[in-house]
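This report refers to the structure that appears directly beneath it.
Please treat every number below as a calculation from the coordinates, not as lab data. Quick caveat: nothing in here was measured; it's all calculated off a predicted structure. In this analysis, Cβ positions are derived from the backbone assuming ideal geometry, glycine residues included, and neighbour counts consider all displayed protein chains.
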Amino acid sequence: MEDFTQHLKRKYDRRHFLTKSSLGLGTVALGSLITPNGISGQSTGDLLQTDDPDLNVHFLPKVKRVVYLFMSGGPSQMDLFDYKPRLTDLHGSQLPESIRGGQRLTGMSAGQSSIPVAASIFKFQQHGTSRAWVSELMPHTAQIADDLCFIKSMHTEAINHDPAITFFQSGSQLAGRPSIGSWVSYGLGSLNENLPTFVVLISKNGGGQPLYARLWGNGFLPTRHQGVQFRSGGDPVLYLKNPEGFSQHDRREMLDYLKKLNEFQKSQFNDPEIDNRIAQYEMAFRMQTSVPEVVDVSDEPDYIFDMYGEDAKDQGTYAANCLLARRLLEKDVRFVQLYHQGWDQHGYLNRGLRAQCKKTDQATAALVMDLKQRGLLEDTLVIWGGEFGRTVYSQGNLNTEAYGRDHHPRCFTMWMAGAGVKKGYSIGVTDDFGYNIVKDSVHVHDFQATLLHVLGVDHERLNFKHQGRRFRLTDVHGKVVKTILA
């Protein structure tokens with residue numbers, strides 16, 4: 001078998017060189033006809049000319065950082081934020097076919113002989129000068145109502161969890177596309193060279209629907225844009241520590257030699273992914289110092305732990321992750337994604353929804369207030385929401401404690417707070433049943449387009465060429481929801 005040197009000589013002899021050159025020139029000529037502006041794999045459109053060479057935006061951004069609190073499972077909008085008092089009179093009656101409109105039901109409730117309307121059993125009150133309706137299950141969120149921008153007319157195309165979550169996180173129901181955080185990383189780059197641009201936190205002991213690493217994956221974007229998961233327990237980031245008996249000097253020397261090998265390989269094969277690998281090794285080296293510092297909450301005063309709740313000292317809980325998210329945002333991590341599972345109340349709605357709100361309500365409100373008191377909310381956007389909503393009709397027998405609500409993609413509620421969006425504002429109206437949107441509908445791609453807009457990015461111009469087609473987060477849809485912009 002020929003050795004590596006002989007292989008390279010054969011690969012780059014005169015005949016191979018002329019063959020590759022002729023093919024390459026043909027490709028360039030064809031590319032110039034198909035894509036006059038160039039044939040590179042990426043395109044962000046014409047960028048805004050500013051005094052900051054690192055500001056890769058289409059227009060001046062209102063947001064520098066994003067923290068996305070994803071409530072996996074589908075929170076029940078009519079039990080939390082979308083108050084429907086008329087349902088009290090309709091409780092127990094059959095959902096009219098004129099309201100259902102022939103919508104397909106999931107396999108979990110399609111076999112029911114009866115689909116009775118279930119009014120919320122929870123009390124609602126108006127809060128703040130905005131007079132926002134908030135359920136008794138969210139007393140802490142109610143206190144920050146005047147900081148929130150509610151979207152009560154969200155709708156999606158997916159009725160089951162995995163495609164619905166994938167749709168929100170990547171703009172497509174099919175797995176394999178880049179995640180929303182990866183698009184932000186690719187389009188805008190890093191604000192802190194010692195920490196990842198995109199960090200993922202998952203509440204420990206989460207039940208319900210599974211989460212997959214592809215939800216924060218880079219898809220076909222360069223690998224350096226993949227989300228980095230911080231975990232609870234001994235090692236926040238896996239394989240970051242040096243092996244036993246291996247010093248920091250040893251690590252630096254090893255990386256220097258490895259870089260030379262990678263650069264040699266790059267010179268031979270011109271694979272751009274090699275540069276990404278080099279960058280990831282260097283980031284990991286810097287993170288050996290930066291990660292222990294940011295996850296060490298021992299310097300936080302007691303009043304901060306009191307603000308976030310009793311779980312804030314228990315690493316890996318939702319409360320602890322909210323506190324860690326604030327520390328990451330302070331360090332200018334561009335995109336922080338929190339996942340909290342368990343919002344899938346097909347049964348025992350009363351018990352399950354109370355438990356979820358108790359775990360999350362205080363810490364969610366604390367994160368917004370903490371960012372506000374530090375001046376970070378002025379250029380940070382907070383997002384709260386799940387992959388779809390819940391049905392107005394009961395899943396199971398309404399006359400028992402075991403009833404729940406099924407999946408409902410036609411309308412549900414999300415909220416935002418902070419930079420770029422209006423405070424104490426609500427957009428979207430649903431019908432008296434909370435089943436259909438009657439005003440100002442907002443699609444998943446509209447939400448994604450709006451998020452990119454406040455970051456200074458035109459969603460139609462942030463794209464990446466893959467397998468002959470230019471892809472973007474919003475596919476071929478989406479419009480900016482200008483009504484909510486501050």
Averaging the inverse of every distinct alpha carbon separation and then flipping it gives the Kirkwood radius. What is it for region 171-215, in angstrom units?
12.7
Spelling it out for residue 390: with amide H atoms placed in the peptide plane at 1.01 Å from N, the residues 5 or more places away or on another chain with amide H under 5 Å from its amide H are 77, 78, 408
How much FRET efficiency would the formula 1/(1 + (r/R0)^6) give for residue 91 and residue 482, where r is the Cβ-Cβ distance and R0 is 41 Å, rounded to 0.05?
0.60
For residue 163, what charge total do you get from the other residues with a beta carbon under 10 Å from its beta carbon, if Lys and Arg give +1 and Asp and Glu give -1?
-3
Tilt of helix 318-330 relative to the longest C-alpha principal axis of the chain, in degrees (0 to 90, nearest 10)?
50
Region 181-256-region 325-354 distance, computed between alpha-carbon centres (Å):
19
When the C-alpha atoms of the chain are aligned to their principal axes, what extent does each axis show, in angstrom, from largest down?
85, 55, 50
Could you sort 154-160, 208-214, 262-268 so that the peptide with the highest average Cβ count within 10 Å comes first and the rest follow in order?
154-160, 208-214, 262-268
Under Karplus coefficients 6.51, -1.76 and 1.60, residue-wise ³J(HN,Hα) of region 348-359 in Hz, glycine/proline x
6, 4, 4, 5, x, 5, 4, 5, 5, 5, 5, 6
Quick one: which residues, 5 or more positions from residue 229 or on another chain, have an amide H under 5 Å from its amide H? H modelled 1.01 Å from N in the peptide plane, none for Pro or chain starts.
200
List the residues whose amide H sits under 5 Å from the amide H of residue 465, counting only those 5 or more places along or on another chain, with H placed 1.01 Å from N in the peptide plane.
42, 43, 471
Cβ crowding within 10 Å averaged over residues, with 226-238, 382-394, 293-305 ranked highest first:
382-394, 226-238, 293-305
For region 111-189, just list the percent of Cα-Cα distances falling in each 5 Å bin from zero outward, please.
3, 12, 12, 11, 13, 17, 16, 11, 4, 1, 0
Using the crude model of +1 on Lys and Arg Cβ and -1 on Asp and Glu Cβ, and no other charge, please compute the dipole size for region 326-485 relative to its Cα centre, in debye to 20.
380
Volume per residue (Å³) of the convex hull spanned by the alpha carbons of region 338-458 is 120
In whole angstrom, how far apart do the alpha carbon centroids of region 126-169 and region 61-79 sit?
8
If I fit a long axis through the Cα atoms of helix 14-34 and take the longest principal axis of the Cα atoms of the chain, what angle between them do I get, 0 to 90°, rounded to 10?
40
If Lys and Arg each add +1 and Asp and Glu each add -1, what is the summed charge of the other residues whose beta carbon sits under 11 Å from the beta carbon of residue 110?
0
Can you compute 3J(HN,Hα) from phi for each residue in region 136-148, using the Karplus curve 6.51 cos²θ - 1.76 cosθ + 1.60 with θ = phi - 60°, rounded to whole Hz and x for Gly and Pro?
4, 6, 10, x, 6, 4, 4, 5, 10, 3, 6, 9, 9
Where both residues lie in the chain, what percent of DSSP beta bridges are antiparallel, nearest 5?
50
Segment residue 258-residue 121, length gained on full extension (0.36 nm per residue, minus Cα span):
43.1 nm
Karplus ³J(HN,Hα) for region 103-116 (6.51 cos²θ - 1.76 cosθ + 1.60, θ = phi - 60°; Hz, whole; x = Gly/Pro) runs 4, 5, 9, 6, x, 7, 10, 5, x, 6, 6, 9, 10, x
Cβ neighbours within 10 Å, averaged per peptide: list 271-280, 130-139, 442-451, 88-97 in order, most packed at the top.
442-451, 130-139, 271-280, 88-97
The helix 161-170 Cα axis meets the longest alpha-carbon principal axis of the chain at an angle in degrees, between 0 and 90 and rounded to 10, of 50
